[in-house]
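Take a look at the structure below.
Where a number appears in this text, it was derived from the coordinates with a stated rule and is not lab data. This one's a predicted model, so the numbers in the text were calculated from it and none came from an experiment. When we count neighbours, we look across all protein chains shown, and the Cβ atoms used for this are built from the backbone with ideal geometry, even at glycine.
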Amino acid sequence: ASGLVIRQHPTSGHFYPQGLHIVPVGTYNDIERRITEGTENRTIAATNMNATSSRAHTVVTIYFDQIIKNDRGETKKASVINLVDLAGSERSSSTGATGDRLKEGTNINKSLSTLGNVIAALAEISSGTKRKLVVPYRESVLTKLLQNALGGNSKTVMIAALSPTDTSYDETLSTLRFADRVKRIRNTVVVNENPIEKLIRELKEENERLKLLIDSGKYNLQLDILPGMTNQDIEAMKKNTEQEILSQIQTNQQMLQSSKTSWDLK
C-alpha cells in the first residue's frame, strides 16, 4: 500500500482510498477483465520460499446496486462485496529476503499483525467479555479498508491457507489460531434499504393487507362478541371495526403521500 492515501468519509465514517475511481461493469466478463488488469499490476518477486511471492495484499471492491420494481413501486438496495487476497506472513530467515524484499515482508507482517489484533478485539466483543473494547482499525491501511467487512453490517467468509510442510509448523499453528478467532465474530446483518423507501413499501403492504381484510370480511372473525349481545350490538361493532380499518388506511395513505413528497424533494 505504498503511496496509497486513505481518507475517511465525513458522513458515513467509512475509509476509502483517495485517487481511485469506480469503473462501471455490467457482466461477469467485465468484472473478470478488471480483476485480471489488477492482477497483472500486482507486485510479485522471488524469495527462497516462493518464486512468485505476492509483495502486497489485494483488495477487489464491487459496489452492487439492486433496483426492484413491482406493483408496489420501486425499491433500491445497495451492498459492497470485498474480495481480499492476503499476502502470507514471512520469516526473513526462511525467505532469505533482503533490501526491498525485506522491507515489503516487514510491511506485510505488520499489517497482518494489526489484522490479527482487530480480529481478536472483535472476537472478544462478540463473546460479551469486553463490550467497550476499542478495535484498532486505524493502525493499518488494510484494516481501515476492511473495517465494514470485518465488524460492520456484513457477512464474511474467510479461507485459511495452510502449507503441508513440517517446516511451516509455526505458521500453520498461527493460521489455525487466527481462523479460530475469526469464527467467533458475530455480526448482525440488515438489508441496506433507504429508510424512506422502506417506510413507503411497508405502508403500501399494510394498506393492501387492510383492504384485503375489508373485502374478505375476515375482520368479523376478530370481533370480541360477548354473551348477551344482540344482533344489533354485533352489527354496530362490525361497523365500528370497519370504520377503524378504513380510518387506518386513510392515515397510512396520508403518511405515504407525505413520505413520497419528502423522497421526491431529495
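How would HIS14, HIS57, HIS9 line up from fewest to most surrounding beta-carbon atoms within 10 angstrom?
Numbers: HIS14 14, HIS57 21, HIS9 9.
Fewest to most other Cβ atoms nearby, the residues stand as HIS9, HIS14, HIS57.
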Next item on the list: Take each of the peptides 140-151, 227-238, average the number of other beta-carbon atoms within 10 Å over its residues, and list them starting from the highest.
Entry: 140-151, 227-238
